[in-house]
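Heads up: the structure comes next, in structure tokens.
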Amino acid sequence: MESSEKKIVPALRYHVLTRLYDPIMEWTMCEKTFKTLLLQQANIENGHQVLDLGCGTGTLTLMMKKLHPGAEVHALDADPKALKIAGDKMKSEGAVVHFIQGYSYKLPYPENTFDRIVSSLMFHHLTREDKSKTLQEMHRVLRPGGEIHIADWGKAQNVLMRIAFYSIQLLDGFSTTSDHVKGVFPELIHKAGFSSAKEQKRIATIYGTLSLYSAKKDILTSLSLTPVR
């Protein structure tokens, strides 16, 4: 999830724990529930080009391909071990997905490629600078009128949720998670050029408040940035 000059932060922080990520998520986070809500929110259609950004072990990627077989699904992650697990999942299910190893703030795709970009539990691993760069890259590769849909930690609903979130901060670091605690993530999305950046849902979990965010690349803004020739 970090730049090429920085150490990759794997699922559960340590590579040796990567294969435990899926069962832990399934047992403790109601993973399929919140990821189904995220995909419903994304409103993916047949023919859409969709990117799962920070796909990790590919659970969301596979769910997306099963729910929307008529969409062309791409997936990117920086961690080769997680991508290997994700690729094995797709093979076992016969799902066709285009995987690339790469970094979220330096996306290897042309401008205006995707209709939808979805991301689950990636942004809280990134520094403020890399969050902003990633959002700018998402805006660049998204088509005018396209949308982003993100599931990640949000501002605590109450004291209990704030206390619960300390477990995530102890694991993943206080510096990268502070923007989520403060509830400023929608502001970062807006500053990257998106319109209608908002928190759509809040879900209470044993680790804290999980938020579903959405935003759109405005057609008129995109047209205004096109140089006149």
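The values are calculated or read from the model by the stated rules, or taken from the named source; none is laboratory data. Treat the numbers as computed from the prediction; the structure is a model and nothing was measured. Note that each Cβ is placed from the backbone with ideal geometry, even for glycine, and that neighbours are counted across all protein chains shown. Only protein heavy atoms, including side chains, enter the accessible area calculation; ligands, DNA and RNA are left aside. Shrake-Rupley method; radii C 1.70, N 1.55, O 1.52, S 1.80 Å.
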Conditions (1) free of Cβ contacts under 8 Å to residues at least 24 places away in the same chain; (2) within 19 Å of Lys217 (Cβ to Cβ); number of the one not met by Pro80: (2)
Helices (runs of 4 or more DSSP H) wholly inside region 6-97 that include at least 1 residues being at pLDDT 90 or above: 31-42, 59-67, 80-93
Lys201 being among the basic types (Lys, Arg), open to solvent by less than 30 Å² (accessible area, probe 1.4 Å) and at negative phi: no
Residues satisfying the stated conditions in region 148-201, i.e. part of a strand (DSSP E or B) and over 25 Å from Lys32 (Cα atoms): Ser195, Ser196
Region 104-117, residues that are part of a strand (DSSP E or B) and either open to solvent by less than 60 Å² (accessible area, probe 1.4 Å) or modelled with pLDDT under 95 (or both): Phe114, Asp115, Arg116, Ile117
Residues of region 148-173 that turn out to be open to solvent by less than 20 Å² (accessible area, probe 1.4 Å) and among the basic types (Lys, Arg), as a count: 0
Where Gly154 falls short, out of the listed (1) at pLDDT 95 or above; (2) farther than 15 Å from Tyr213 by Cα: (2)
Filtered residues of region 118-129 (kept if closer than 20 Å to Lys35 by Cα and over 8 Å from the mean Cα position of the chain (by Cα)): His124, His125
